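Shown next, in structure tokens, is the structure this report addresses.
Bear in mind these aren't lab numbers, they're just calculated from the coordinates by the rules spelled out. Predicted, not measured: the structure shown is a model, and the values here were computed from it. Ideal geometry is used to build each Cβ from the backbone, glycine not excepted, and the neighbour counts take in all protein chains shown.
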Amino acid sequence: MPLIYYLALSALLFSLGVFGVLTQRNAINVLISFEIMLNAVNLTLVAFSQFFQLLKGQIFVLFTIGVGAAEVAMALIIIFVIFKTFKTIDLDEIKLMRG
Amino acid sequence: MESVLFWILGVISIITAFNAITGKNLFYNLLLLASFVLSIAGFYLLLEADFLALVQVLIYVGGIVVLLLFAIMLVPKLNVHFTSSFFTWVGGLFLSLLFFILLNLFLEAFPLALYEKGHITLGAIASLLFTEYFLAFEIFGVILLIVMVGIVIIVRGGEF
Amino acid sequence: MEYWVLALIILPLLSFGLLSFVGEKLPRRGALLSIFLMAISFFLSLGVLYKVLIEGDLSFFYNWLPVGKIFLKAGFLIDTLSAIMLVLVTLISLLIQIYSLGYMAGEERFSWFYAVLSLFTASMLGVVAASSYLFMYFCWELMGLCSYLLIGFWKERETALAAAKKAFLVTRLGDLAFLLGIIYLYFTVGTTEILRVSTSTLTPAKAGLISLLLFGGAVGKSAQFPLHIWLPDAMEGPTPVSAFLHSATMVAAGVYLVARSYSLFSLSPTVFQVITFIGLLTSFLAATMACVAREIKKILAYSTISHLGYMMLGLGTGGLGAGVFHLISHAFFKALLFLGAGCMIHATHTHDIFEMGGLFKRMKITSIAFLIASLSLAGVPPFSGFFSKDEILTSAFASGWWGIFIIALITTFLSAFYIFRLFFIAFLRESNKEIKEAPPIMTFPMIILAFLSIIGGLWKVSFAPFLEEEGEILIAVLLLSLGLSLLGILVAGGIYLYGWTTEENIRSRLTWIYKLIENKYYLDHFYGFVTEKAAFGFSCVCRWFDHQAINKGIDGFAILIRVGGKTIRPVQTGRLRSYMWIIFFTLCIILSIYWWFTLSGVKGG
């Protein structure tokens, strides 16, 4: 398939992820959208890697996946802590600022 | 053959992604996320990244999604959906659309493949990983370690 | 000869410098040194006069101030007129300094007094010898400063300080006109050298404007109407100061200026008319004010103003020689009158003539000297005042305007009247007071001046050839002036000596006239009113500006910051989602800019 199809698809998926991040109120939904974004980027990288027949892209993706996993774990922990503090994970309610 | 697969996988990925985001039940969202990831893994296979597809399935489905599922199973209160206001939907739609258009502006028509195939193998990955990108490899290990330690600390309430 | 001129100007300056720093330590607190230097200056000036009479005019200059590429020059122009003035100024300065040894004895700031007197002398000599208007202006201002210092010499007196300020400010107005005239002159002619100015080509209109502006300076310094108000108040200063500055020299500077600029002034016909008119008005008004005053020095002050008006009248009607002659003659007798007044005040401890009396019996020398001066002022031959006044009247008659001549005659009558009113009341009335004659150190200068008043008239015979205009003696005018002078003396004698009527009587009949004159025609009130309104109005404007513009400006700035802060605060919501929106929106903007400049084909990204 021409590279551009992959790129376009990836752009679409990324935009979907952005849409999710911007609109969702549940923290975990936001996390899910974020993962979608991440995957879209990975797709771009792998597509380019195949296009140029270089391995750099794939190795990069390898690391991205790994770090993404670690980051999800951390995010989850933070969500737990927030849940304990604010008794909710509604992003609109979680703020210390007043006014 | 290849293009058919591309289109099928493409449709699957888009639909699952969209539903994963806008679904009302967190459980279903997570399962849909898993499906999404699987479709991406399919893409990887199409793009000669077999090892990567393997890693993707293992880690994403076997690690991340499972983790999240455990999380919401253990704390059911998390499984709550909040609806955003209409304006939020519109604004978000607008912004993401804008973003998409902008991204498209950078697309140029690339030909099918630049170089001859056959260079992407598992062995090549391995050798690269342990020579040129060794530092990144090691740092990654450190990151994992730090994350584990950090989680333990936070779980214990910040004290040792 | 240049060195003589330089020397005779620098010597007083040197005197000023020395006395102001080490004056106290010198013998007699520096007065002797000052007198000695002034005597040298006097003899040098005599030498200069002699040389000018024989060899002719002299002028020389030095480069003074660098302005851009050219130098402004300071120079000296010595012709007959300046030479005579040099002699006059140094002589009178010398006499006054001798007199002050006695008068100002025991004064705390004795050295400073002499120092400023010397400085004044130097600056007056500078004015007289200057070859350019610019240099003259420089010395002119210096004279004003010295006048200010001397009027306010007794710093403890509030009235003296106020008088000094008034003198300075009023003459400042005149000086402003003077300066404007100089500037305009420079821009039209390109130089302020007196010689070159008078031979340059100027349209009558421009010459007229410049002349009137320069005359403005003379109006201020010579106390002409309407800037005459400072001179009566200047009597707050010590009497030697009044005798020197405010009768003989500084106030004559304005007359000198007019005489100097005669050829410039004659380029425009209206200038002389203005000068004549103002001179006439001044002399008449001042004479009336002198008739009703009670303090001796005030009477003499008004008399000075009146006679300065006379000089201007003479100059304005074409009698250059007459005006200058009267200047010299007036210097002698007026200085003498003031010195005599000083002796009288010293002896009787009062300024009011009605409290004095019987001085004739007890202060013979002073009385006789004073009498001589009074006769000279009144215009009685053979004293110099008669000749000079006659010349002016002749000139006024020759102008052809009957009104001027008649008012001048009336003023002559009034002059004789007021001075003999003073004399009769102060000297010949009965009194029982214990009065001593003045010490010789003070009477000596008076005798010299009396002598000069007597022989001054004889100058007229030899004086005429050296001035522009030769006075033509008209017998009728001569008899008229003489008759009016004698009439004035007679009337004064009649009222104050023989009791034909009393002053109270006249006062009660003509109260409104008396009130008007005594209040100096309410001119002071007018000035006060105007300046008060102007100053108050201006300060109101300033206050408004300060409140509205500046305060509001600063406050507005603070308000701007506060309101700005309030408006921007909602951006920080603390909610994750709004931050995400901002981030992605900015990202979109960056992307679009990036696209616009790299890929959209727009050049120069």
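Applying both filters, DSSP loop and at most 10 other Cβ atoms within 10 Å, to the chymotrypsin sites (Phe, Trp or Tyr not before Pro) of the stretch C:543-573 eliminates every site.
Using Cβ point charges alone (K and R +1, D and E -1), the dipole size of the protein assembly as shown about the Cα centre works out to roughly 1580 debye.
Helices of chain B meeting both criteria, an alpha-carbon length of 24 angstrom or more along the long axis and an average Kyte-Doolittle score not below 1.0, with helices taken as full DSSP H segments, are B:2-22, B:26-46, B:86-105, B:134-155. Here the Debye sum runs over all C-alpha atoms of the protein assembly as shown as equal scatterers in vacuum, and log10 of I(q)/I(0) at q = 0.05, 0.06 Å⁻¹ comes out as -0.52, -0.54. Seen against the Cα atoms of chain C and their longest principal axis, helix C:552-568 is set at about 10 degrees. A DSSP coil position with no more than 16 other Cβ atoms inside 10 Å describes the following trypsin sites (Lys or Arg not before Pro) in the stretch C:269-375: C:R294. The amide H of C:L72, built 1.01 Å from its N in the peptide plane, has C:W64, C:L65, C:V67 as neighbours under 5 Å, considering only residues 5 or more places off or on other chains. Once the C-beta distance of C:S266 and C:I406 is scaled by a Förster radius of 22 Å, the resulting FRET efficiency is 0.30 to the nearest 0.05. Ordered by the count of other Cβ atoms within 10 Å of each Cβ, fewest first, C:W112, B:W89 give B:W89, C:W112.
Annotation for C:T191 and C:A476: the two label points, set 7 Å from Cα along the Cα-Cβ direction, are 4.6 nm apart.
Build a GNM of chain B with springs between Cα atoms under 10 Å apart, and of B:L78, B:L145, B:L46 the one that fluctuates most is B:L145. Projected over every direction and averaged, the convex hull enclosing the alpha-carbon atoms of the stretch C:234-392 yields 8.9 nm².
Please list, in order, the residues from the stretch C:387-419 whose amide nitrogen is less than 11 Å from a point placed 7 Å along the Cα→Cβ vector of C:L487. Answer for this model: C:409-414. What's the angle, to the nearest 10 degrees (0 to 90), between helix C:158-189's Cα axis and the longest principal axis of chain C? On a 0 to 90 degree scale, this one is about 70. Computed from the C-beta positions of C:A105 and C:L161 and an R0 of 30 Å, the FRET efficiency is 0.80 to the nearest 0.05.
Estimate the FRET efficiency between B:I139 and B:L74 by the formula 1/(1 + (r/R0)^6), using the beta-carbon distance for r and 56 Å for R0, to the nearest 0.05. Once the sixth-power term is evaluated, E becomes 0.95. The length gained by stretching the chain between C:L46 and C:A535 to full extension, at 0.36 nm per residue less their Cα-Cα distance, is 171.1 nm. Look at the alpha carbon pairs under 8 Å that are at least 6 residues apart: their mean separation over the length of chain B gives a relative contact order of 16 percent. With the simple spin-label model, which puts each label point 7 Å out from Cα in the Cβ direction, the C:I368 to C:A7 separation comes to 3.7 nm. In the stretch B:75-107, whose amide N lies under 20 Å from the spot 7 Å out along Cα-to-Cβ of C:T598? List them in ranges. Correct set: B:98-107.
Ranking of C:F424, C:F332 by neighbouring Cβ atoms within 10 Å, starting from the fewest: C:F424, C:F332. For the pair B:E108 and C:D79, label points projected 7 Å from Cα toward Cβ lie 9.5 nm apart. Annotation: amide H of C:S132 within the under-5 Å range of C:G75, C:I194, sequence separation 5 or more or interchain, hydrogens built in the peptide plane. Ordering C:C343, C:C542, C:C139 from the fewest to the most neighbouring beta carbons within 10 Å gives C:C542, C:C139, C:C343. Distance between the C-alpha centres of the stretch C:234-313 and the stretch B:127-160: 107 Å, rounded to the whole angstrom.
Among the listed pairs A:K95/C:K566; C:K364/C:K515; C:K297/C:K364, those whose Cα-Cα separation exceeds 24 Å are C:K364/C:K515.
For C:S59, nonlocal amide neighbours, meaning residues 5 or more places apart or on other chains whose placed amide H falls under 5 Å from its own, are C:I78. For the stretch C:21-97, the set of trypsin sites (Lys or Arg not before Pro) satisfying both a DSSP loop assignment and a count of at most 15 other C-beta atoms within 10 Å is given as C:K69.
Exposed loop sites, defined as GluC sites (Glu not before Pro) outside DSSP H, G, I, E and B with at most 14 other Cβ atoms within 10 Å, are absent from the longest region of chain C, namely C:157-429.
Where the centroid of each part is defined by its Cα atoms, how far is the stretch A:4-82 from the stretch C:158-191 in Å? Cα centroid of the stretch A:4-82 versus Cα centroid of the stretch C:158-191: 88 Å apart.
Can you give the Kirkwood hydrodynamic radius of chain A from its Cα pairs, in Å with one decimal?
It works out to 15.2 Å.
Helix C:440-455 axis versus longest C-alpha principal axis of chain C: approximately 80°, rounded to the nearest ten.
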